[in-house]
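Encoded as C-alpha cells, the structure appears first; notes follow it.
The values are calculated or read from the model by the stated rules, or taken from the named source; none is laboratory data. Predicted model only: the values in this text are computed from it and were never measured. Virtual Cβ from ideal backbone geometry, glycine too; neighbours counted across all protein chains shown. Ligands, DNA and RNA are excluded from the accessible area calculation, which covers all protein heavy atoms including side chains. Shrake-Rupley method; radii C 1.70, N 1.55, O 1.52, S 1.80 Å.
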Amino acid sequence: MYDLTNTVAGLNFSALPQTLTNGILNGAIYALIALGYTMVYGVLRLINFAHGEVFMLGAYVALLTSYALGYGPAASGDPTNPLLSLAIMLLLSMTICAIIGVLIERFAYRPLRSQPRIASLITAIGVSLLLQYGGALFLPVSPPPSIKETVNPPEFRKPVTIVLTQPDEKITQTIADLKPAYEEAKQKWEAQKKIEKDEFELTPEGEAIRSEFQEKERAYSGAVREADTSSNKIIVPTGKLIMLSTSMFLMVILWYLVTRTRAGRAMRAVSHDFDSAALMGVDVNKIVTLTFVIGSSLAGAGAMMLASFQGTPLTTFFGLQPGVKAFVAAVLGGIGNIPGAVLGGLLMGVAEDMVIWAGYSEYKDAVALVILIIVLLFRPGGILGSSKVEKV
C-alpha cells in the first residue's frame with residue numbers, strides 16, 4: 001500500500017534524497033563551467049560570453065576523438081581499452097579548449113583591453129555567435145551526433161544503489177513467498193511456448209498455463225512495486241559518480257594552484273588591482289593567458305564528461321543553455337569568487353532538479369532566469385561575493 005502520509009500536496013518527499021543527489025551531480029558540471037566565467041571576470045572584469053561555445057567545442061573534440069579511436073557510427077563490437085580512450089578524450093578536450101581560449105583572448109579581447117568595457121562585451125557576444133553558426137559549417141550537426149555508449153567500460157554503465165531505508169518486512173516476506181511459485185509458473189510457460197504452434201492460438205492446456213503464469217506474475221510484480229515504494233533509496237549511474245569525482249578532483253587542483261603557487265598569487269594580485277600588479281613586476285599578459293587556459297580547459301573537461309557519460313546529442317548550440325546556467329551560477333555564488341562559483345553551480349543544479357521534483361519539469365530551464373532576477377534584486381554581489389555594486 002502506498003504511504004500517503006509521505007506525500008503532501010502532490011510532493012513525494014521520499015524522492016527528495018534522489019532529487020538532491022541528481023542536483024549535485026548536475027551542479028558539478030555547472031560549477032566547472034562557472035569557474036571559467038568567474039576567473040576571467042575576476043582578472044579582466046569581462047564576462048566571456050563565448051565560454052559556453054568553448055564548452056561546446058570541447059564536446060565536439062571528445063566526439064571526433066572517439067571517432068578516431070574507433071567508436072564511430074559505423075563501428076561494431078566492444079572497445080578494447082575504453083579507460084585509455086576516455087583518458088585520451090579528456091586530455092584532448094582540455095588541451096584543445098585551452099588553445100581555443102588562448103586564441104580568443106589573444107585575438108579578440110587583448111586588442112580591446114584599453115577600450116571601453118562595452119567593446120569587449122560586444123566582441124564576446126560576436127565570438128559566441130561566430131562559433132555557434134560558423135561551427136555548423138565544418139562540424140557534424142545533422143542528424144545530431146552523440147558519443148557511443150560503448151566508449152564507457154561496462155562497469156561505468158551500471159547504476160549504484162544506496163538503500164536509505166529498507167522496505168516493509170511484511171512486503172519482503174510476501175515477495176519471498178510469491179517468488180518460488182512465480183518462477184515455477186514462468187518456467188512452465190516458457191516450456192509450453194516451445195511446443196505451441198502459435199502464441200495467439202494456444203491449445204486449452206497452453207491457455208491454462210499462460211493464465212496461471214500471468215496471475216502469478218501480477219501478484220509478484222505488484223509486491224515488488226510495493227516494496228520499492230515503501231523503501232527509500234538513491235540510484236546513481238556509475239558514470240555520473242566518476243564525473244562528480246573528476247570534477248571535484250579538478251576543483252581541488254585549481255584551489256591548490258590559486259592558493260599555494262606563485263602563479264596563483266600573481267593571479268590574485270592581478271584580480272585585486274590590474275595596474276598595481278603590473279607595476280610590481282607581474283607579467284599580466286601571461287597571467288591573463290593562464291586564466292584563459294585554466295578556465296577553458298575546465299570547460300573542456302566538463303563537456304567531455306557530459307557528452308560521454310550522458311550521450312547527449314551535439315549541435316553547435318550545445319553550450320548555450322549550460323553556459324547561461326553556469327553564468328547565473330557564477331553570479332549566484334559571487335562572480336569573481338572561485339568558491340562562490342562552485343557553490344553557485346551546485347545550488348543551480350539542485351534548484352533545477354527541485355523544479356522537476358515539484359512537477360514543473362517544463363520550467364526547469366527558466367529557473368536560471370528566476371534565480372538571476374532574485375540575486376540582482378536582493379544581493380547583486382552574490383552569496384560569497386562583494387556587496388559592492390559594479391556596472392559591467
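Looking at region 96-114, is at least one residue at pLDDT below 90, open to solvent by 30 Å² or more (accessible area, probe 1.4 Å), closer than 17 Å to I147 by Cβ and not hydrophobic (A, V, I, L, M, F, W, C)?
No, the conditions are met nowhere in region 96-114.
Scanning for something in a loop (DSSP other than H, G, I, E, B), open to solvent by 30 Å² or more (accessible area, probe 1.4 Å) and not acidic (D, E), does region 50-57 turn up at least one residue?
no
Looking for whichever is under 22 Å from the mean Cα position of the chain (by Cα), of a type in the set (S, T, Y), farther than 30 Å from T21 by Cα and open to solvent by less than 70 Å² (accessible area, probe 1.4 Å) here; the options are S66, S128, S93, S85. Which one fits? Give the steps one after another, and end with the answer.
Numbers: S66 fails: farther than 30 Å from T21 by Cα; S93 fails: farther than 30 Å from T21 by Cα; S85 fails: farther than 30 Å from T21 by Cα.
After ruling out the rest, the residue left standing is S128.
If a residue must be over 45 Å from the mean Cα position of the chain (by Cα) and within 30 Å of E169 (Cα to Cα), how many such residues does region 184-222 contain?
Going through region 184-222 one residue at a time, the tally reaches 3.
How about region 150-183: which of its residues are β-branched (V, I, T) and not in a helix (DSSP H, G or I)?
V160, T161, I162, V163, T165
What's the total number of residues in region 308-341 that are open to solvent by 30 Å² or more (accessible area, probe 1.4 Å), closer than 30 Å to P143 by Cβ and touching a Leu at 6+ places or on another chain (Cβ under 8 Å)? Step through it out loud before you land on a result.
Restricting attention to region 308-341, the residues satisfying the condition of being open to solvent by 30 Å² or more (accessible area, probe 1.4 Å) are 309-310, 312-313, 315, 317, 320-321, 324, 327, 335-339.
Adding the requirement that they be closer than 30 Å to P143 by Cβ leaves 309-310, 312-313, 315, 317, 320-321, 324, 327.
Applying the additional criterion that residues be touching a Leu at 6+ places or on another chain (Cβ under 8 Å) yields 312.
So the count comes out to 1.
Starting from region 364-387, take each residue that is in contact (Cβ under 8 Å) with a residue 24 or more places away in the chain and list its partners that are open to solvent by 80 Å² or more (accessible area, probe 1.4 Å), counting only C-beta distances under 8 angstrom and pairs at least six apart or across chains.
Close Cβ pairs satisfying both conditions: D365/Q321; G381/S387; G381/K388; G381/V389; L384/P339.
Quick test for you: out of R268, R262, pick the one residue that is of a type in the set (D, E, K, R), within 23 Å of G340 (Cα to Cα) and modelled with pLDDT of 90 or more.
Values: R268 fails: modelled with pLDDT of 90 or more.
After applying the criteria, what remains is R262.
Where the second residue is open to solvent by 50 Å² or more (accessible area, probe 1.4 Å) and among the acidic types (D, E) and the first is without any contact (Cβ under 8 Å) to a residue 40 or more places away in the chain and lies in region 163-182, which pairs have Cβ atoms under 7 Å and are six or more apart or on separate chains?
Within 7 Å, the pairs are Y182/E217.
So, in region 223-264, how many residues would count as being loosely packed, with under 14 Cβ neighbours inside 10 Å and either of a type in the set (D, E, K, R) or under 19 Å from Q173 (Cα atoms) (or both)?
Qualifying residue count for the region: 4.
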